[in-house]
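The values are calculated or read from the model by the stated rules, or taken from the named source; none is laboratory data. Note that the coordinates shown come from a computational prediction; the quantities given were computed from them, not determined experimentally. FYI the Cβ positions are ideal-geometry reconstructions off the backbone, even for glycines, and counts take in every protein chain you see. Remember, those area values only see protein heavy atoms, side chains included, never the ligands or the DNA or RNA. Shrake-Rupley method; radii C 1.70, N 1.55, O 1.52, S 1.80 Å.
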Amino acid sequence: MSDITASEILQNRLSYQGSKFSFHVDRIKLPHGVTGEYSYIKHPGAGLAVPVTDDGKFVLVKQYRFAIQRYLLEFPAGTLEAGEEHGVTIKREIEEETGYRASQWQYLGGFYICPGYSDEIIHAYLAQGLEKLEHPPAQDEDEEIEVVLLSREEIEALLRSQSADTSLDAKSITAFHLALQVL
């Protein structure tokens, strides 16, 4: 694979600043010399946990996603706060979303989720040594989350079925396969 130099931003235009991301339309000169206008989402990144109980169950959350107007099964994840490390983010999010705390963490790696239009990178962790919290932190008020425990075989069956009712999102599928490499 050859080394590719970075593109040159000739003009940067912020089109929208949201609470979690911003939308830019930039005039860019690509490494091979072509110039054009490109739209993309700038995102601070996220942390994701693949929590596994002592008896081998994966802890997922069933959550409504307004962009697709349906529920998805996902591993707990959250957007990084300003200046926050991804390891800190996911330790907070796992407690808020699942009510579990993990005593063992293993970094699985980072991956870009949609590099065609976003710079978002997700950092995945395997979370083990789970303890159910007696008084978990409150979930965010804009989230409706149901905790779901599934075996490896049940997740694999869901992936094969491709059912619209209980599908997993891409970041969870990726993180599941990263976790299987070390379990």
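Sort through Pro44, Pro115 and tell me the only one that's assigned to a loop (DSSP other than H, G, I, E, B), within 14 Å of the chain's Cα centre (by Cα) and buried (at least 16 other Cβ atoms within 10 Å of the Cβ). Show your work before the answer.
Values: Pro115 fails: buried (at least 16 other Cβ atoms within 10 Å of the Cβ).
Only one candidate passes the filter, namely Pro44.
Condition test on Ile90, is it within 22 Å of Leu150 (Cβ to Cβ), surrounded by 14 or more Cβ atoms within 10 Å (Cβ to Cβ), without any contact (Cβ under 8 Å) to a residue 60 or more places away in the chain and within 22 Å of the chain's Cα centre (by Cα)?
On the way: within 22 Å of Leu150 (Cβ to Cβ): yes; surrounded by 14 or more Cβ atoms within 10 Å (Cβ to Cβ): yes; without any contact (Cβ under 8 Å) to a residue 60 or more places away in the chain: yes; within 22 Å of the chain's Cα centre (by Cα): yes.
In short, yes.
Scoring Leu149 on the criteria (1) open to solvent by 70 Å² or more (accessible area, probe 1.4 Å); (2) within 25 Å of His43 (Cβ to Cβ); (3) modelled with pLDDT of 95 or more leaves a single failure, condition (2). Among the conditions (1) hydroxyl-bearing (Ser, Thr, Tyr); (2) under 24 Å from Tyr117 (Cα atoms); (3) assigned to a strand (DSSP E or B), the only one that Thr89 does not satisfy is (3).
For the stretch 55-68, the criterion of being open to solvent by 10 Å² or more (accessible area, probe 1.4 Å), more than 16 Å from Ile94 (Cα to Cα), in a strand (DSSP E or B) and not basic (Lys, Arg) is met by at least one residue.
Remark: pairs (first residue in the stretch 60-87, among the acidic types (Asp, Glu); second residue open to solvent by 40 Å² or more (accessible area, probe 1.4 Å) and assigned to a loop (DSSP other than H, G, I, E, B); Cβ separation under 8 Å; 6+ apart in sequence or on different chains) = Glu81/Pro44. Being open to solvent by less than 50 Å² (accessible area, probe 1.4 Å), of a type in the set (Ser, Thr, Tyr) and either within 14 Å of Leu60 (Cα to Cα) or outside any loop (DSSP other than H, G, I, E, B) (or both) is a description that applies to Tyr125.
Every condition in (1) closer than 18 Å to Phe21 by Cβ; (2) in contact with a strand residue (DSSP E or B) (Cβ under 8 Å, 6 or more places away or on another chain) holds for Thr35 except the one numbered (1).
Candidates are the residues of the stretch 47-74 that are within 17 Å of the chain's Cα centre (by Cα) and among the small types (Gly, Ala, Ser); the one that is farthest from Gln104 (Cα to Cα) is Ala67. Taking the conditions exactly as written (farther than 14 Å from Val59 by Cα, surrounded by 16 or more Cβ atoms within 10 Å (Cβ to Cβ) and not polar (S, T, N, Q)), does Leu159 satisfy them or not? No, not satisfied. Open to solvent by 50 Å² or more (accessible area, probe 1.4 Å) and assigned to a strand (DSSP E or B) - does that describe any residue in the stretch 168-183? Among the residues of the stretch 168-183, not one is open to solvent by 50 Å² or more (accessible area, probe 1.4 Å) and assigned to a strand (DSSP E or B), which makes the answer no.
For the stretch 31-46, how many residues are among the aliphatic types (A, V, I, L, M) and either at pLDDT below 90 or over 30 Å from Tyr107 (Cβ atoms) (or both)? First the steps, then the outcome.
To start, the set of residues in the stretch 31-46 that are among the aliphatic types (A, V, I, L, M) comprises 34, 41, 46.
Checking which are either at pLDDT below 90 or over 30 Å from Tyr107 (Cβ atoms) (or both) leaves us with 34.
Count: 1.
Of the residues making up the stretch 11-33, none is closer than 25 Å to His123 by Cβ, without any contact (Cβ under 8 Å) to a residue 40 or more places away in the chain and in contact with a helix residue (DSSP H, G or I) (Cβ under 7 Å, 6 or more places away or on another chain).
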